[in-house]
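The values are calculated or read from the model by the stated rules, or taken from the named source; none is laboratory data. Note that this is a predicted model, so its numbers are computed, not measured. So basically every Cβ, Gly included, is an ideal-geometry build from the backbone, and we count neighbours across all protein chains shown.
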Amino acid sequence: MSNFLFESDEEFKFFMGDTLSYHNMQNMVSKLVSFVKPEYMLEFGSGSGATSIRLAKENPHTSIVAVDLREKMVGIGADKSSKNRIKNVTFVHGDLTKLDNFNLKNANLILMMYSFRYIQDPVENKLNFLENLYKHMQKGAYLIIGDTFIDNDASKQTIRKQLEDRYYNNSKDIYWANLKGLSKEEVQEALTIQSKHRETTKEQIELGVNRDGIYYVSREWLFDVAPKIGFEIVLGERLNSLSDTIFVLKK
Ligand SMILES: C[S@@+](CC[C@H](N)C(=O)[O-])C[C@H]1O[C@@H](n2cnc3c(N)ncnc32)[C@H](O)[C@@H]1O
């Protein structure tokens, strides 16, 4: 995978974990999961486990399997959960596109938070994935997709503008999150962190615009295909001006 992805927990916090959009998305997911109260759920593309660990703490009766393609991230998640003595989450190394490898028929909920974008082009791969997932899911189970969506039929220029707004706003959040006091040194440190963040995110913008490693789709696309597959759209709500959207689909 040629895309930008954080390689450690510190990096994750630095580039994504401290952003308002990430917190808002995670808070929304947390509310939805506590509402559904799944006995068993999967998170596909769990990264270093920030969301699965939070959900495991908040829902002690839910058993969670957190899946990621990168072994290193699986290891970080497993270490964190064992250090915190959290027993109801298991970190598993696996590929979310190989659905036969997972116990989906017993899952009440499947979560994809900022991971749907990694199902590679052509876009039919995303369609096949959703169709296949639908087949494997039990009736009544939920699929939650929280991700960034691009505008329908947008030009490269429009997409670049949209992603720039998104990432530069995130870099502002990182600045404020790191502004712990008002001493000169601390302000300087926060500025340094923000400018590093801006630099790195330029790379992410190009990947998204050129569809090289990050493959965004439009909200309209998902609104169109989900019911054709058979899903009921319970929720399709844009969360912010940055185009982060949360979909709740039910079989
Ligand atoms: C932005 S991170 C997700 C963060 C995480 N969901 C959270 O809430 O903190 C996306 C993750 O998806 C994983 N990923 C990408 N393609 C995958 C695949 N085919 N199977 C499993 N994981 C995948 C990446 O390794 C990465 O850790």
- Note on the structure: Filtering helices (runs of 4 or more DSSP H) wholly in the stretch 139-251 for at least 1 residues that are more than 18 Å from Phe116 (Cβ to Cβ) gives 156-178, 184-210
- Query: Of Tyr40, Tyr22, which residue is of a type in the set (Ser, Thr, Tyr) and more than 11 Å from the ligand (Cβ to nearest atom)?
  - Reply: Tyr40
- Task: Please verify whether the stretch 149-156 includes one or more residues that are crowded, with 20+ Cβ neighbours inside 10 Å and modelled with pLDDT of 95 or more.
- Result: no
- Message: Being over 16 Å from the mean Cα position of the chain (by Cα) and either aliphatic (A, V, I, L, M) or modelled with pLDDT of 95 or more (or both): is that true of Glu58 here?
- Response: yes
- Has the stretch 111-127 got at least one residue that is among the basic types (Lys, Arg) and touching a Leu at 6+ places or on another chain (Cβ under 6 Å)? no
- Only one of (1) within 16 Å of the ligand (Cβ to nearest atom); (2) surrounded by fewer than 20 Cβ atoms within 10 Å (Cβ to Cβ) fails for Ile145. Which number is that? (2)
- Picking from Val187, Val225, Val217, which residue would you name as being among the β-branched types (Val, Ile, Thr) and closer than 23 Å to Phe12 by Cα? Val187
- Note on the structure: When every residue in the stretch 66-87 that is assigned to a helix (DSSP H, G or I) and buried (at least 16 other Cβ atoms within 10 Å of the Cβ) is compared, the one nearest to the ligand (Cβ to nearest atom) is Met73
- Message: Considering only residues that are among the small types (Gly, Ala, Ser) and either away from the ligand (no atom under 12 Å from the Cβ) or in a helix (DSSP H, G or I) (or both), which ones fall in the stretch 88-129?
- Response: Ala107
- Query: Only one residue in Leu55, Leu32 is away from the ligand (no atom under 12 Å from the Cβ), assigned to a helix (DSSP H, G or I) and either of a type outside the set (Ser, Thr, Tyr) or within 23 Å of Asn108 (Cβ to Cβ) (or both). Which one?
  - Reply: Leu32
